[in-house]
Amino acid sequence: MNISTKVLQLMLEAFNELKSQNQAIEINKYDDNLILFGSGATIDSLTLVSLIVDLESKISEEFSCEISLTDDRAMTREVSPFDTFGSLKIYIEELVSEIK
Amino acid sequence: MENKSYYFKNKIVCITGSTRDVGKNLVEYFIREGAIVIGISRTLDKLSLENYYSIQGDISNAEDMKNAFAEIKNKFGTLHFLINNAGVSHSSQALFLTIEKASSMININFLGAFIVSKEAAKLMMKNKFGRIINIGSICSTVEPIGASIYSATKAAIHSLSNSLAKEFASFNITSNTIALSPFPTDMLNTISQKDIDWYLNEQKIKRLATIDDITNVVEFLCSEKSAFITAQFIQLGGIST
């Protein structure tokens, strides 16, 4: 399984776990345009933090590497990695590819 | 209260400003209770105790703290308790306080606590457990003459602590503030008896604090029994006004 497919699988796992813990999260379809942060976001900022922490753990386990999704690099990018499902996926793929 | 020795045994504690006064006392307390203590300080720490690890760094420098917490993560894997204790005080009336000294207090007392809390929370969140204890001051409430910025930074710590309590609550991380009343320290030795009496007069219990007064509250706030206690401000000795 390539990195892109694996990252997608981990993200879906993390989202589904969050949904099972919080019935208020209503996401029926995961696509790259799903808004995660800011106006029109499908989850609130506290849930986003939970998601990021879960994702860091999953990635660490799966790829045997440590990544930080919330360092300055993420915060200073022109397009925030946390804007959408797609931008987050691309950012994680980028970080994992650099380390692997 | 849990069996203290058992509860703190091998728990990982990080204390900023660990080389003197309250910080040093807290290091010794946690070591006695069986914890593994990491002290962070700007100056080289000469304290030599089993299970005590010293990291030299400036808490107001984000890069320093990123490296410090990477070291903690590599060596210990997690962090259970953070005591934001580091602070500086420059006593001077506002008109005579230099911007350099004011900035130093803001950076170390407030920004430093934010930077350290942020790094610590990343470790705590992964284990869904953590206790953040912020060392505040009676000054934030009584606002003495000559301590404008110091008092403001301690009030800011209180506000920061409450916001962090909200943001971290779902991770079973609590954040509370203990406001210290005058305690026999090197810093207190530089204050006149008249000024010390003024502080004591502002307190409901009119005596200096002891280290036990402080560790009793720290111990409770670190314990499992304080799991439902967060965003609290505990003023040692009480305030009369």
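Here are the numbers for this structure:
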{"read-out": "In degrees, nearest ten, helix B:193-202 long axis to first principal axis of chain B (Cα)", "value": "70"}
{"read-out": "Contact order relative to length of chain B, as percent, for alpha carbon pairs under 8 angstrom and 6 or more apart", "value": "17"}
{"read-out": "Part-to-part distance (alpha-carbon centres) for segment A:23-100 and segment B:23-60, which is given in Å", "value": "35"}
{"read-out": "Phi to ³J(HN,Hα) by Karplus 6.51 cos²θ - 1.76 cosθ + 1.60 over segment A:83-88, Hz, x for Gly, Pro", "value": "5, 9, 4, x, 5, 5"}
{"read-out": "Whole-Hz ³J(HN,Hα) from phi, Karplus 6.51 cos²θ - 1.76 cosθ + 1.60, for segment B:86-97, glycine and proline x", "value": "4, x, 10, 9, 10, 8, 5, 5, 3, 5, 9, 7"}
{"read-out": "Tilt relative to chain A, helix A:45-63 - C-alpha long axis, 0 to 90 degrees, to 10", "value": "30"}
{"read-out": "Highest-fluctuation residue, B:26, B:160, B:47 considered, GNM on chain B with Cα pairs under 10 Å", "value": "B:47"}
{"read-out": "Residues whose placed amide H lies under 5 Å from that of residue B:38, excluding near-sequence neighbours", "value": "B:13, B:14, B:15, B:53"}
{"read-out": "Average Cα contact separation per residue, chain A, under 8 Å, 6 or more apart, as relative contact order %", "value": "34"}
{"read-out": "Whichever lysines have a C-alpha closer than 24 Å to that of residue B:204, once near sequence neighbours (fewer than 8 apart) are set aside", "value": "B:154, B:194"}
{"read-out": "Which of B:118, B:11 has the fewest Cβ neighbours within 10 Å, and the rest in rising order", "value": "B:118, B:11"}
{"read-out": "Antiparallel DSSP beta bridges within the protein assembly as shown, percent to nearest 5", "value": "5"}
{"read-out": "Amide H within-cut-off set for residue B:136, under 5 Å, with H built and near neighbours excluded", "value": "B:178, B:179, B:180"}
{"read-out": "Under the Karplus curve 6.51 cos²θ - 1.76 cosθ + 1.60, θ = phi - 60°, whole-Hz ³J(HN,Hα) for segment B:19-27, x wherever Gly or Pro sits", "value": "8, 8, 6, 4, x, 5, 4, 5, 4"}
{"read-out": "Magnitude of the charge dipole, the protein assembly as shown, Cβ model with Lys/Arg +1 and Asp/Glu -1, debye to 20", "value": "760"}
{"read-out": "Three-way shape call for segment A:6-100 based on the alpha-carbon gyration tensor, with the a/c threshold at 1.5", "value": "oblate"}
{"read-out": "Acute angle (nearest 10 degrees) that the helix B:211-222 long axis makes with the longest principal axis of chain B, alpha-carbon atoms", "value": "40"}
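Each value in this text was obtained by applying a stated rule to the coordinates, not by laboratory testing. Here the structure is a predicted model, which means the values were calculated and not measured. Glycine gets a Cβ as well: all are built from the backbone with ideal geometry, and neighbour counts include every protein chain shown.
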